[in-house]
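Participant: Sharing a structure here in structure tokens format.
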Amino acid sequence: MILVDERWSGFGGIGRFADEISARFSSSTAVNSACSPASLFNPIALALALAKQKKEDVAFLPGYIPPIYSSVPYVFTVHDLNHLDRPENASFLKSLFYRFFIKPGCHRAAAVLTVSEFSRQRIIEWSGVAADKVINVGNGVDDAYSPNVEPYSPGHPYLLCVGNRKPHKNEPMLIRAFAQAQIDSNIRLLFTGNATEELEALISSLGLESRVSFYGFVEEEQLPSLYKGALALVFPSLYEGFGLPVIESMACGTPVITSNCTSLPEVAGDAALLVDPNSKISISSAIEKLVSDEELQESLALRGLDQAKKFTWDLTAQLVESVLLDAAKNKV
């Protein structure tokens, strides 16, 4: 029996991955604990929860925190090493946790799942586990993301940035690049989520109060409409283990501008304009180029639709289930 740690549901990208994969298993059962899956105590809580399971079971852990011990084989998921690789997201405590809990967990696991070749290579390099033990299962895009959805129409053209206020999302750089771009002043920049005081101060200092806005919390069912109504998605992140907004936007037929680093070129393929996320000029030039060239918009939209078809939750779930069944067969 496949055991699934369902506690990650609702935890951003990990939660989406967990929900989409577990919903597609032919059969499974939940393994739960009162402890938060992101807690420093989760390795112990998870070990206690798995100790109650039958020896013929195998555990699927969609998050990056493994148990300190498991009586059943487990497969866990390290989506990226952003907490180690990005200084703004790193800390001494996180470094210790990864060294003494996550790295040994990689060696104890039957397999380590990840979502891109970029992340796979980084995990192999950092953990020292055998290359064939780290498996890229990718991510998927839901059928709700389609060029046929009703576009969001706020009454003005807009560029969209889907993300959160984490520093590696590079939003201050995007705002500065948008301010510099020589484009129609009616075009606005729309962020999902709510503004921070720092971003509001930056927007005010650049005189962009009427051109940059924040949509607020976005329900999952609202996202396709936001993508579809946009001139383009602008996603100049400094670091991504995958970058779901890229393929979600493409699946809606909306052109994409994204970064030329980490997993993003791999996910975008030849269907996006790639920029240096550390260069304001690179981002603003891409915005100007895309906004002014309708043929480019159409070309990227068509290529994006083809690129998005390469990523399906059905395929990802099949790969995950195959890894789990192999782990169950090969356990000692």
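Participant: Of everything in region 70-82 that's at pLDDT 95 or above and out of contact with any strand residue (DSSP E or B) (no Cβ under 7 Å at 6 or more places or on another chain), which residue is farthest from residue 115 (Cα to Cα)?
Facilitator: Filtering first and then ranking leaves 82.
Participant: Of all residues in region 292-332, which are in a helix (DSSP H, G or I), of a type in the set (Val, Ile, Thr) and farther than 29 Å from residue 272 by Cβ?
Facilitator: Selection gives 323 alone.
Participant: So which residues in region 122-141 are polar (S, T, N, Q) and either open to solvent by 50 Å² or more (accessible area, probe 1.4 Å) or without any contact (Cβ under 8 Å) to a residue 40 or more places away in the chain (or both), if there are any at all?
Facilitator: Listed by number, the residues that qualify are 127, 136.
Participant: Can you tell me how many residues within region 230-279 are within 16 Å of residue 79 (Cα to Cα) and charged (D, E, K, R)?
Facilitator: Selection size over region 230-279: 2.
Participant: Does residue 316 satisfy the criteria of being modelled with pLDDT of 95 or more, polar (S, T, N, Q), open to solvent by 20 Å² or more (accessible area, probe 1.4 Å) and under 17 Å from the mean Cα position of the chain (by Cα)?
Facilitator: Criteria not met by residue 316.
Participant: Can you find even one residue in region 280-288 that is in contact with a Pro (Cβ under 8 Å, 6 or more places away or on another chain), open to solvent by less than 80 Å² (accessible area, probe 1.4 Å) and within 30 Å of residue 74 (Cα to Cα)?
Facilitator: No: region 280-288 contains no residue that is in contact with a Pro (Cβ under 8 Å, 6 or more places away or on another chain), open to solvent by less than 80 Å² (accessible area, probe 1.4 Å) and within 30 Å of residue 74 (Cα to Cα).
Residue by residue, here is whether (1) touching a strand residue (DSSP E or B) at 6+ places or on another chain (Cβ under 6 Å); (2) open to solvent by 20 Å² or more (accessible area, probe 1.4 Å) holds:
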{"position": "246", "(1), (2)": "yes, no"}
{"position": "261", "(1), (2)": "no, yes"}
{"position": "268", "(1), (2)": "yes, no"}
{"position": "273", "(1), (2)": "yes, yes"}
{"position": "297", "(1), (2)": "no, yes"}
{"position": "312", "(1), (2)": "no, yes"}
{"position": "324", "(1), (2)": "yes, no"}
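Participant: If you don't mind, there's one more thing I want to ask. Where the second residue is assigned to a helix (DSSP H, G or I) and the first is hydroxyl-bearing (Ser, Thr, Tyr) and lies in region 83-106, which pairs have Cβ atoms under 9 Å and are six or more apart or on separate chains?
Facilitator: As it stands, the answer is 91/83; 95/83; 95/84; 98/83; 98/84; 98/126, since those pairs meet every condition given.
Participant: Another question, then. Does at least one position in region 42-65 carry a residue that is touching a Lys or Arg at 6+ places or on another chain (Cβ under 8 Å), surrounded by fewer than 21 Cβ atoms within 10 Å (Cβ to Cβ) and either assigned to a loop (DSSP other than H, G, I, E, B) or not aromatic (Phe, Trp, Tyr) (or both)?
Facilitator: Looking for residues that are touching a Lys or Arg at 6+ places or on another chain (Cβ under 8 Å), surrounded by fewer than 21 Cβ atoms within 10 Å (Cβ to Cβ) and either assigned to a loop (DSSP other than H, G, I, E, B) or not aromatic (Phe, Trp, Tyr) (or both), one finds none in region 42-65, hence no.
Participant: OK, next. Taking into account only those residues within region 100-120 that are within 18 Å of residue 319 (Cβ to Cβ) and part of a helix (DSSP H, G or I), which is most open to solvent (accessible area, probe 1.4 Å)?
Facilitator: Ranking the qualifying residues of region 100-120, first place goes to 117.
The values are calculated or read from the model by the stated rules, or taken from the named source; none is laboratory data. None of these values were measured; they are calculated from a predicted model. Positions of Cβ are backbone-derived with ideal geometry, glycine not excepted, and every protein chain shown enters the neighbour counts. Areas reflect the complete protein model, heavy atoms only, side chains present, ligands, DNA and RNA absent. Shrake-Rupley method; radii C 1.70, N 1.55, O 1.52, S 1.80 Å.
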